[in-house]
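Novice: Handing you a structure now.
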Amino acid sequence: MSVPFGAASLIPRNALVWIILSQFALLLPHLGRLPVWVVLVYLLTAVWRLLVYQGRVSFPGRWVRIALIGAGFAAVFFSYGNLLGLEPTVALLLTAFALKLLELIRRKDAYVVIFLGYFICVTAFLFTQDLLLVLYSLFTLLLVTTALVALHRPGEHRFRVDTLRLPALMLAQAFPLMLVLFFLFPRIGPLWTVPVQSHAARTGVSDFMKPGDVSSLSQSDEVAFRVRFAGDIPPRSELYWRGLVFSVLDAGTWRSLRYHELPAAELRAPRLEPSGPELSYSVLMLPTQQNWLYSLRYARSPQSGVLATPDFRLYSPVEVEDQLRYSVNSWPETPLETELSDWRRRTELALPPASNPRSRELALGIRAESPTDAAFVDAVLAYFNRENFVYTLQPTLLSAPEPMDQFLFETRRGFCEHYAFAFTLMMRAAGVPARVVAGYQGGEINPLNRTVIVHQFDAHAWAEVWLEGRGWVRVDPTAAVSPERIELGLEQAVAGEGSFLANSPLSPLRYRGVNWVNMLRLRYDAWTYRWQSWVVGFNSDQQYRLLQDLFGTVRARTFVIIVLASGALVLLPVAWLLLGRHRRRPPDPAERLYLAFCARLARRGLTRGRGEGPRDFCRRVAGTDPALGQWAEEFTAGFEELAYASSGANDGARAQLKGLRRLLQQMPGRAAGASRLVRG
Amino acid sequence: MEIQGAIDSAVAEVGTVLLGKEAQVRLALCCLLSRGHLLIEDLPGMGKTTLSHALAEVLGLSYKRVQFTSDLLPADILGVSVYDRTDASFSFHPGPIFTQVLLADEINRTTPRTQSALLEAMAEGQVTIEGETRPLPEPFFVIATQNPIDQSGTYPLPESQLDRFLMRLQLGYPDPQAERQMFLSKHSGQFRSGALRRCLSPQQLTGFRDAVTRVHVADSLLDYLQRLVAFTRQSREFAVGLSPRGALALLDCARTWAHMNGRAHVVPEDLQAVLAPVAGHRLIPSGDYAGDGQALVDLLQRSVDVIGR
């Protein structure tokens, strides 16, 4: 391959090393999402490019490059199964970024790589907006900028760490501007969206439940949402975060009612008269790609965009694709739905015909011994407590055609969903309206900022039964089997079997016993809460509110003025610093006067060249326009006396300056000027 | 002013043997009066030797000439100790360097070894031979001539040694009128020692330096000088900017030039007058720029504003 080499268009070694360093740094935040071969590609290209630099191998030829591109596409396709979607596209971009190193010959190639680097720096935020990632991205930004700076220092043949100094200074100078833009740049909605749904679905509660679902969720230590209460935090045994209500049992799976299954009269959420103490809190939810929101029971939200359902939950009409903050008021003691409609009663009693016969028989037997529905509920809970049931994260897989019969009479090892399932089934079998509720139970209280952190492993399922005069009453059969789960949380409840987060050995949550690790983790979580609330959650509403607080009613014109003014406010001191460095002393009054003299002559078509001295200019003026000659000579002599012959400002100089200023006003007129020359 | 008349007459006197080169003669005088060494660069036969010899004559200084060849050795210039059999001791035979004006003709024809021996003496005003340091006469000027460096068989002076010369002058072809007058003149290029009148007394010569130091330099002019220097250091046409020594040389020559013209202060035109000979050989164009040193000086003078903005 023949490349026209010019010394100026080559890449200095220093820049090459910085480019490769920043490439690896940019790869790092994506590592967890990428197949291993991408890392190998990075190593291969870096080594290849360095060998090229040493002259041991040559750049790949055209066909090799085409083959590498093809191989890259094929590898991404085989790793992800498609080329569209967020993760494959990012993988493709990162692969191309590495391969570009093999084309890095001249400076223009380096520009491509460096500007691509800036773009890749942003792609990490498509997946998470974590505080640590932001700090790390500032670091990669510094590296990429350093590569750019190094590229502009020809002849650096050694790797130099101190190249970092200038870009660090530049980025530090840009920091105030970044803040202004962050607060003031209009939050414009995206012009198009990329399919964020990736093949690795997010963990979270789903809208159907069969035995085993929740227990697998409990292996995840991801945060589901964080809650901040306005007043005191209720005891954790009261923290039942309702997300979904499962009213339909269908082929061994509980699911919620579909919208089209609801009759018209049941579509509206009934508005209840709240009673009892009020809880007020705000939930900061991480993206779930789902519609339902979590709240304590009988919840209302004053926020637009948060709606209520007929089964007293909250939901969002659009899927939660970004983090969402909503404020909620709850009245936990309000009776829910004291009057049950016929349709509702029918729905909440429906069971698939002739399924789990032994369980039904057991339920009917207990009901016959109980005087009331309430006594029946207590009797069933007592049954769970009395018999040899085990609460475990590793339940026996239920495979029989009648899974609840198998569970109640054979295995007797289950997680919350097993107990909720069995309990609701027995209630319905005995004619008591009942349903399964899914969501989260409890949460960890961070004493540093008084928030409740709800993790995925807090996922829980419990039951609600409808009792005459009391409405829907929450019953948690798990509490009957394992009271520790509700009082102390999952970790304590399964402490005996050591299965808590068994698949994530590095999770800091596993080391809660070590005091300083725990403090560090909680401290970081408090920071994350603040970060998510104030930085990631800073949307156009908040922006508008901030501006309104500061400047009153904001109209478009005011907004533009604010943006421009604050930009100028930031840039002017920088400009002043930069320009001030070149100005050695305040402008000399004599020089200013002379410039005015030049400006007057320029209007007559006599422009002084940049490098033309006063005497030379004067001679030229006299030569071209004799009418001006004498005046120009007089002025030039006066100026020379002031600017070059005298030292410093004294009274004499001041008088001279005055005379010169007067003389300037007496410039001869255009045509008849020569005769009217007045002496100054 | 007395000194001004003396200078004018000196220029006129040199002008009788070197026709039509008044500007270069003035600059050469300025260089010598600033106590600097002079490098004259031009093609053979342009009057380099004539100029230097004539300058020595009008200043009333002793004059010696060394023709530099490729086999010239340092001892040939500096001198050598010879064993004297009659009083059985070594006696020093001083070389041609022990003079007030030394014409080093075609300095780029000799080897770097001999060149540096001369340049060292120029820098220090003394020579050290066989461990004994001997001062050179006062004043001591070297006027070196060289052919343009692209001629064959030459050892071009490195930049660091070019820097030792305060000025570099180019003579150029005479204008047709002067040349015609030369054809008609009786000497027709022949130049004899003692043909020219001495124009400056030794007192005037030493007094001149003191007068130059009293020439006033205003802030406005220093600003202009600093702008010039900054431009050479920042523009991409220059591979190497003007050193502080180069800037000092500029100011020094501008002062002398102002005094030669009978002024007690320096004006921008003084600086511009000496800019090309003083800065021309110290500036090196960068790879991006096609012009030579002279083109760089033109660029510099064109681009930097005389009056600060």
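Quick grid of which residues meet (1) in contact with a helix residue (DSSP H, G or I) (Cβ under 8 Å, 6 or more places away or on another chain); (2) within 14 Å of another protein chain (Cβ to nearest Cβ):
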residue	(1), (2)
B:Ala195	yes, no
B:Glu237	yes, yes
B:Leu248	no, no
B:Gly262	yes, yes
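Novice: State all residues of the stretch A:363-399 that are free of Cβ contacts under 8 Å to residues at least 24 places away in the same chain, open to solvent by less than 40 Å² (accessible area, probe 1.4 Å) and aliphatic (A, V, I, L, M); if no residue qualifies, say none.
Specialist: Selection gives A:Ala375, A:Ala379.
Novice: Starting from the stretch B:218-231, take each residue that is within 8 Å of chain A (Cβ to nearest Cβ) and closer than 16 Å to A:Ala645 by Cα and list its partners that are among the aromatic types (Phe, Trp, Tyr) and in a helix (DSSP H, G or I), counting only C-beta distances under 7 angstrom and pairs at least six apart or across chains.
Specialist: The qualifying pairs are B:Ala218/A:Tyr644; B:Ser220/A:Tyr644; B:Leu221/A:Tyr644.
Novice: Could you please tell me which pairs satisfy a Cβ distance under 9 Å, a separation of 6+ or placement on different chains, a first residue in the stretch A:549-568 that is over 14 Å from A:Val180 (Cβ atoms), and a second residue that is of a type in the set (Gly, Ala, Ser)?
Specialist: Pairs found: A:Thr558/A:Gly552.
Novice: Which of the following residues is free of Cβ contacts under 8 Å to residues at least 12 places away in the same chain and either of a type in the set (D, E, K, R) or open to solvent by 20 Å² or more (accessible area, probe 1.4 Å) (or both): A:Gly638, A:Gly652, A:Gly611?
Specialist: None of the other options fit; the residue is A:Gly652.
Novice: Within the stretch A:285-307, how many residues are of a type outside the set (A, V, I, L, M, F, W, C) and not in a loop (DSSP other than H, G, I, E, B)?
Specialist: 2
Novice: Evaluate the stretch B:5-28: report whether one residue or more is in a strand (DSSP E or B) and surrounded by 14 or more Cβ atoms within 10 Å (Cβ to Cβ).
Specialist: No, the conditions are met nowhere in the stretch B:5-28.
Novice: Which ones in the stretch A:334-362 are touching a residue at least 60 places away in the same chain (Cβ under 8 Å) and open to solvent by 70 Å² or more (accessible area, probe 1.4 Å)?
Specialist: A:Arg345
Novice: Please go through the stretch A:109-128 and pick out each residue that is surrounded by 17 or more Cβ atoms within 10 Å (Cβ to Cβ) and either under 17 Å from A:Gln532 (Cα atoms) or touching a strand residue (DSSP E or B) at 6+ places or on another chain (Cβ under 6 Å) (or both).
Specialist: A:Ala124, A:Phe127
Novice: Additional query: Looking at the stretch A:614-632, which of its residues are more than 14 Å from every other protein chain (Cβ to nearest Cβ) and open to solvent by 40 Å² or more (accessible area, probe 1.4 Å)?
Specialist: A:Gly623, A:Thr624, A:Asp625, A:Pro626, A:Gln630
Novice: Next question, about the same structure. Tell me yes or no: at least one residue of the stretch B:44-64 is part of a strand (DSSP E or B) and not basic (Lys, Arg).
Specialist: Yes, the stretch B:44-64 contains a residue that is part of a strand (DSSP E or B) and not basic (Lys, Arg).
Novice: Okay, moving on. Looking at (1) part of a strand (DSSP E or B); (2) closer than 26 Å to B:Gly131 by Cα, which one does B:Asp87 not meet, given that it meets all the others?
Specialist: Unmet condition: (1).
Novice: Any idea which residue in the stretch A:1-51 is modelled with the lowest pLDDT, counting only those that are within 14 Å of chain B (Cβ to nearest Cβ) and touching a helix residue (DSSP H, G or I) at 6+ places or on another chain (Cβ under 9 Å)?
Specialist: Going through the qualifying residues, I end up with A:Ala8.
Novice: If we scan the stretch A:51-71, do we find a residue that is polar (S, T, N, Q) and closer than 30 Å to A:Met285 by Cα?
Specialist: no
Novice: State whether the residues of the stretch B:217-235 include one that is open to solvent by 20 Å² or more (accessible area, probe 1.4 Å), within 15 Å of B:Arg302 (Cα to Cα) and not in a helix (DSSP H, G or I).
Specialist: Yes, the conditions are met somewhere in the stretch B:217-235.
Novice: Sticking with this one: Using beta carbons and a limit of 9 Å, which pairs, at least six apart or on different chains, have the first residue in the stretch A:443-472 and among the basic types (Lys, Arg) and the second one open to solvent by 10 Å² or more (accessible area, probe 1.4 Å)?
Specialist: A:Arg450/A:Arg228; A:Arg450/A:Phe229; A:Arg450/A:Ile233; A:Arg470/A:Pro335; A:Arg470/A:Thr338; A:Arg470/A:Ala374
Novice: For residues that are in contact (Cβ under 8 Å) with a residue 40 or more places away in the chain and in a strand (DSSP E or B), tally how many sit in the stretch A:404-442.
Specialist: Going through the stretch A:404-442 one residue at a time, the tally reaches 9.
Novice: Would you check if A:Arg413 is open to solvent by 30 Å² or more (accessible area, probe 1.4 Å) and either aromatic (Phe, Trp, Tyr) or more than 17 Å from A:Ala461 (Cα to Cα) (or both)?
Specialist: no
The values are calculated or read from the model by the stated rules, or taken from the named source; none is laboratory data. Please read these numbers as outputs of a predicted model, since none were measured by experiment. Glycine also receives a Cβ, built like all others from the backbone with ideal geometry; neighbour counts cover every protein chain displayed. Side chains are part of the model used for accessible areas, which takes the heavy atoms of the whole protein and leaves out ligands, DNA and RNA. Shrake-Rupley method; radii C 1.70, N 1.55, O 1.52, S 1.80 Å.
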